[in-house]
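Here is the structure we will look at.
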Amino acid sequence: MNCINPATALNIGQITTDTEFSIQNKINALRIGQPVWAAIPLTERISILQQFAKLLQTHIQEAAAVLTSEVGKPLQQAVNEINGACARIDWLTNNAPKALQEEWMVETGGTREKIVYEPLGIVCNISAWNYPYLVGTNVFVPALLAGNAVLYKPSELSSLTGQIIEKYLHEAGVPENVFQIVLGDKAVGELLLQADVDGYFFTGSYKTGKYIYEQVSKKMKPCGLELGGKDPLYITEDITDIATVAANTADGVFYNNGQSCCSVERIYVHEKVYDAYVAAFVTEVKSYNIGDPLAANTYIGPLTRKEQPAFLAAQVADALQKGATVLCGGKIMDRTGNYFEPTVLVNTTHQMDLMKEESFGPIIGIMKVADDAAAIALMNDTDYGLTAGVYCNNETRAANIQAQLNAGTVYLNCCDRVSAALPWSGRKNSGFGSTLSYVGIRTFTQPKAYHLRS
Ligand code: NAD
């Protein structure tokens, strides 16, 4: 399989994809390695994963350059991603003992009771390309800490990064028969769905996630799904510094070229600040540097998937035909690579695909609202439920709004943010199950209940 640079359209490498035979061999090896790995003390697994983070830090520049070359994100954002993954590894390794230690529920009396968190066995992680270090870390790090073996399939669009991850995990001390990658596209993913593993954890689109869930359900195996979003923001009239709010929220839309599961995808603005906010927002977006992702001042690089510019152009055409207005951008760029202009549309409605379907690109629809009730109704008018945010200086009013939002994560005066200490989980078509936090470490375990009488 060829690896193509989305900025230059040049071939940057070739990889050998896996087959049914190679996958079976990897699983046979993992079956042998997993119980040995689970039997070593947790402290040892922790120090091995901390060593993995150290290796990523040591090689951050070269790893970031590879990531930029295959997914097109600006180099500084690639560096930020690897630093972010290391911070998550730090939290997960520091908190694994608390999440994984056995818990005594009843310590005295006739019947003592405790919970032991056992590993699942072999965890299969089918993953996405938009943040391969971050979304990979969410799964394979806690899975390994909990004593599982991992079969990790990076996206076909981030295979070279997958190879780097495997190399440094092995170099850090994770045995080869405990962590293996599987390379290839959808067809290889299909082979994994037939394989004999003990749990599936998928990060990717709703469409693929739904299909995977249907297949896995027939096998009676646990399945975690971290899927897409159509994440809304509400800007109340109760904000003070409109220029700063506009700049921060635009970053929430356009960071990583809008290719984040928690990118802001819809904005509702109170009518009293609408004009000022939209003007400041458009000024900010027009200031973005678009170009070579290797250049230090680039904020918007190419989109990763070559199909995405045409998909975004279709969303713009649909919105225009239904009455929207483009305030900036709106077109595929006439240059080599998968470039699309950063785009802002107003006069949008929920009849437009732009306001209902995940865009996953540098494009945003903005709507004016009269009050909180109207904003809440529109924010919840979605098949997704990943994140939702409010900008407001009154915390009581914001809390009242947040309580009514049907999303796994809610923000106040921030957006497009993930914390290792908090559970990351979607609702509705954004998936189910949790990664991160204590909850997300225990995701990769099965609790065993002990009833003990002397
Ligand atoms: P995708 O669904 O196209 O692919 C994801 C993975 O699934 C890839 O490894 C792919 O090879 C594999 N795959 C595709 N078809 C398959 C099949 N039939 N059987 C088995 N495997 C198959 O998604 P993508 O384009 O890689 O990622 C973008 C999507 O991921 C967006 O919707 C984004 O919102 C979502 N995402 C969600 C989160 C989250 O935490 N909720 C994080 C990152 C990305």
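The values are calculated or read from the model by the stated rules, or taken from the named source; none is laboratory data. This is a predicted model, so every value here is computed, not measured. No Cβ is skipped: glycine too gets one built from the backbone with ideal geometry, and neighbour counts run over all protein chains shown. Protein only, heavy atoms only, side chains kept; ligands, DNA and RNA dropped before computing areas. Shrake-Rupley method; radii C 1.70, N 1.55, O 1.52, S 1.80 Å.
Quick notes on this one:
- The chain, helix-only ellipticity at 222 nm - DSSP H runs n ≥ 4, -39,500 (n - 2.57), divided by all residues, nearest 500: -13000 deg cm²/dmol
- Against the chain, whose longest principal axis is taken from its Cα atoms, helix 308-321 shows a tilt of about 40°.
- Portion, in percent, of the accessible area of segment 231-419 that falls on carbon or sulfur, probe 1.4 Å: 49 percent
- Alpha-carbon centroids, segment 16-40 and segment 199-226: separation in whole Å: 20 Å
- Near residue 153, the amide H atoms lying under 5 Å from its own belong to 125, 126, 127, 182; only residues 5 or more places off or on other chains count, and H is placed 1.01 Å from N.
- Solvent-accessible area per residue in the chain equals 40 Å², computed with a 1.4 angstrom probe and all protein chains kept.
- Segment 48-83-segment 105-120 distance, computed between alpha-carbon centres (Å): 41 Å
- Karplus (6.51, -1.76, 1.60) ³J(HN,Hα), θ = phi - 60°, over segment 284-300, in Hz, Gly and Pro reported as x: 4, 5, 5, 7, 5, 8, 10, x, 5, x, 7, 6, 4, 9, 6, 10, 10
- Alpha carbon centroid spacing (whole Å) that separates segment 375-395 from segment 283-325: 24 Å
- Range in the chain, longest, excluding exposed trypsin sites (Lys or Arg not before Pro) [loop by DSSP; at most 11 other beta-carbon atoms within 10 Å]: 1-217
- Using the Karplus relation 6.51 cos²θ - 1.76 cosθ + 1.60 with θ = phi - 60°, the per-residue 3J(HN,Hα) values for segment 20-37 come to 4, 5, 5, 5, 4, 4, 5, 5, 4, 5, 5, 4, 6, x, 4, x, 5, 4 Hz, with x marking Gly and Pro.
- Shape of segment 235-362, Cα gyration tensor, a/c cut at 1.5: oblate
- Note on residue 221: lysines with a C-alpha under 27 Å away, same-chain residues under 8 apart excluded, are 26, 98, 114, 153, 186, 207, 210, 428, 448.
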